[in-house]
1. Can you pull out every residue in the stretch 196-243 that is part of a strand (DSSP E or B) and out of contact with any Gly (no Cβ under 9 Å at 6 or more places or on another chain)?
2. Identify the residue in the stretch 168-184 that is within 20 Å of the chain's Cα centre (by Cα) and not β-branched (Val, Ile, Thr) and, among all such residues, is farthest from Pro85 (Cα to Cα).
3. Quick test for you: out of Leu185, Leu214, pick the one residue that is surrounded by fewer than 24 Cβ atoms within 10 Å (Cβ to Cβ), of a type in the set (A, V, I, L, M) and touching a Ser or Thr at 6+ places or on another chain (Cβ under 7 Å).
4. If you scan the stretch 560-576, which residues turn out to be surrounded by 16 or more Cβ atoms within 10 Å (Cβ to Cβ) and assigned to a helix (DSSP H, G or I)?
5. Just one of Gly190, Gly179 is small (Gly, Ala, Ser), touching a Gly at 6+ places or on another chain (Cβ under 8 Å) and within 28 Å of Phe494 (Cα to Cα); which is it?
6. Go through the stretch 405-448 and count every residue that is within 25 Å of Asp541 (Cβ to Cβ) and touching a Ser or Thr at 6+ places or on another chain (Cβ under 7 Å).
7. Can you say whether Val537 is in contact (Cβ under 8 Å) with a residue 12 or more places away in the chain, buried (at least 20 other Cβ atoms within 10 Å of the Cβ), over 18 Å from Arg433 (Cα atoms) and hydrophobic (A, V, I, L, M, F, W, C), as far as the supplied structure shows?
8. I need the full set of residues from the stretch 363-377 which are under 12 Å from Leu278 (Cβ atoms) and not aliphatic (A, V, I, L, M), in order please.
Amino acid sequence: MTPIAVVARGAISPLGVGESATGVGALGERPSTSVREDPIFRGAGLKKPRSARALGATAPEVDRARRLLAHAARELAGSLDALVPDWRGLRLALAVGTSAGGLGSLERALSLRARGEVLPAELARSAFYDGPLAELDVWFGAGTPRVTLLGACIASTFALGLGARWLAADRADLVIAGGYDALTLFLASGFEALGATTGGDPAPFRSRRDGMALGEGAALVALMRSNEAPRALGYVLGFGASSDATHVTAPEPQGRGLVRAARTALDDANATAADVDLLSAHATATPHNDAAEARALELLFGASAARVPVHPFKAVIGHTLGAAGALETLAALAAMRARILPAAAGDGAIDPAFGARLLERNAAGPALRCLKLSAAFGGANAALVLAPELPRSSALHAPSRPVRVVHETELVTAPDPELIAERSELDEIRRTRLDRASALAVTATARALMAVPELDRTRTAVVIGTFAASLEADEEFDVRRRERGSSAAEPRRFPATSPNLPAGWCTIAFGLHGPSIAVGGGPGAAEEATLVGYELVSSGDAEYAVVVVCDDVGAVTRELAARAGIACPPDGARARVFATGDAGELLAPPSFALR
């Protein structure tokens with residue numbers, strides 16, 4: 001990859017706003033956690049009411065996510081005004097990731113709807129997954145092209161990689177990339193129902209670890225080509241993404257999918273594992289995720305794993321979901337610029353299966369390469385290679401490849417259980433677990449793959465473009481939560497509230513190991529999916545991409561759209577297969593005029 005400069009930043013986390021949001025502390029300092037007992041979660045009856053709040057423990061706010069974005073956008077825009085005075089005249093694009101989007105507004109809307117009250121138009125619009133991004137219109141222009149990445153916990157890591165690809169391909173001059181997520185009772189009750197949360201402080205890679213604590217925040221960075229940047233806070237040298245194709249909520253136990261993403265990013269940076277001086281870990285502090293990541297590090301580094309300091313930043317700021325990758329990237333770059341090897345928060349004996357280094361206190365030392373790892377619901381993985389300074393020699397991004405549409409299906413208006421049983425790798429139990437949106441996506445993907453039997457499934461990406469995202473599944477989960485109480489939410493219904501789940505089910509159903517991601521959450525979903533699928537194939541991140549436009553349009557989606565004055569797309573799914581080569585219809589580079 002042509003090195004891409006991080007020119008400016010804007011961030012907020014439980015540590016503060018600006019530079020303090022991702023600070024790792026001084027030399028010799030021992031990090032402490034921002035996780036505390038949460039009075040709102042305690043008042044709702046959660047058994048493990050722990051969180052790390054960036055905006056304080058105030059009453060629930062409808063626009064909490066938008067407030068977080070406002071802090072990050074204000075800081076970033078101010079920095080750009082000083083550094084690049086004409087930045088608004090450049091070709092600008094946005095890639096912003098989230099897990100929950102407008103969930104705070106959606107919670108309020110669903111509550112009003114349950115009481116039979118009329119939904120205000122503004123609330124209805126903000127309840128869509130791209131709703132909070134209206135704040136970015138204020139700072140970066142209402143007509144600025146953007147992609148909303150609904151990739152759960154890899155969302156902002158993927159956003160930085162996608163932004164770097166756009167710049168390398170000369171599709172933009174300046175990319176604003178990052179992610180955000182706000183705390184909500186909906187999320188907290190869901191993760192507690194899954195048994196994923198801790199009743200104490202997170203202890204990543206420690207023997208006593210028992211779960212994560214949710215956090216919240218936002219981080220946006222300005223990316224430019226290194227030869228055009230007025231300064232650099234650091235560089236993105238490589239990007240890689242993959243899919244486990246194993247399980248929708250648990251990682252592949254040996255960490256092999258994460259290793260594929262890491263090695264792809266290292267190859268992209270013209271580097272090897274031996275060049276890595278710092279590892280920014282996903283490190284959720286859950287038993288299974290940390291175990292899989294520890295095995296991935298063993299596969300990556302072999303006998304030299306013990307030399308690599310690992311930074312588990314979620315132990316300090318909580319798991320900020322869609323913001324996590326961007327906040328952790330900024331923390332790693334800040335540490336490298338200060339020539340600090342950052343310590344790991346958490347107490348207790350280190351898990352004997354963990355072979356890398358956890359520092360008790362910040363130590364002096366240079367780090368010239370950092371490997372950033374992220375993993376997410378649906379078995380998605382993403383990785384970045386970061387550097388504090390421009391390398392003397394680095395990989396050059398290969399020229400963009402032509403992309404062709406080799407097959408397109410008709411609209412699937414209902415799931416096809418017989419086709420799924422015949423063509424997919426899902427057993428009967430897994431087939432019964434498909435939510436409607438996922439079943440539609442799997443049906444459309446099955447039809448597409450039947451027409452392209454030669455497709456290399458190890459190098460095939462899945463991109464889901466969705467207007468409705470998981471609004472119908474959200475309502476089903478929330479109805480039961482309100483009926484039973486937040487402490488008794490149904491774990492089996494929570495996974496379907498992730499918009500990334502249909503992408504994950506498609507990879508599992510057909511053994512597809514390339515990148516996987518959901519995009520959209522609003523009116524531009526179909527165009528956003530085309531753009532992302534095109535870029536993955538054109539850049540060489542995948543040889544094929546199955547691009548599925550999929551919407552489970554039910555009563556909730558129709559009512560929100562009507563109140564917001566937005567036209568609903570058809571209920572159903574259709575798929576296209578993108579590939580490079582000579583066969584099929586040549587696809588012109590998608591326009592950035594997405595909205």
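The values are calculated or read from the model by the stated rules, or taken from the named source; none is laboratory data. Being a predicted model, the structure only gives us computed values, none of them experimental. Every residue, glycine among them, receives a Cβ derived from its backbone with ideal geometry; neighbour counts consider all protein chains shown.
1. Hits for the stretch 196-243 are Met224, Arg225, Gly234, Tyr235, Leu237.
2. This residue is Leu183.
3. Selected residue: Leu185, the only one of Leu185, Leu214 that is surrounded by fewer than 24 Cβ atoms within 10 Å (Cβ to Cβ), of a type in the set (A, V, I, L, M) and touching a Ser or Thr at 6+ places or on another chain (Cβ under 7 Å).
4. Leu560, Ala561, Arg563, Ala564
5. Gly179
6. Selection size over the stretch 405-448: 6.
7. Taking the combined requirement at face value, the residue satisfies it.
8. Matches in the stretch 363-377: Gly365, Pro366, Arg369, Cys370, Lys372.
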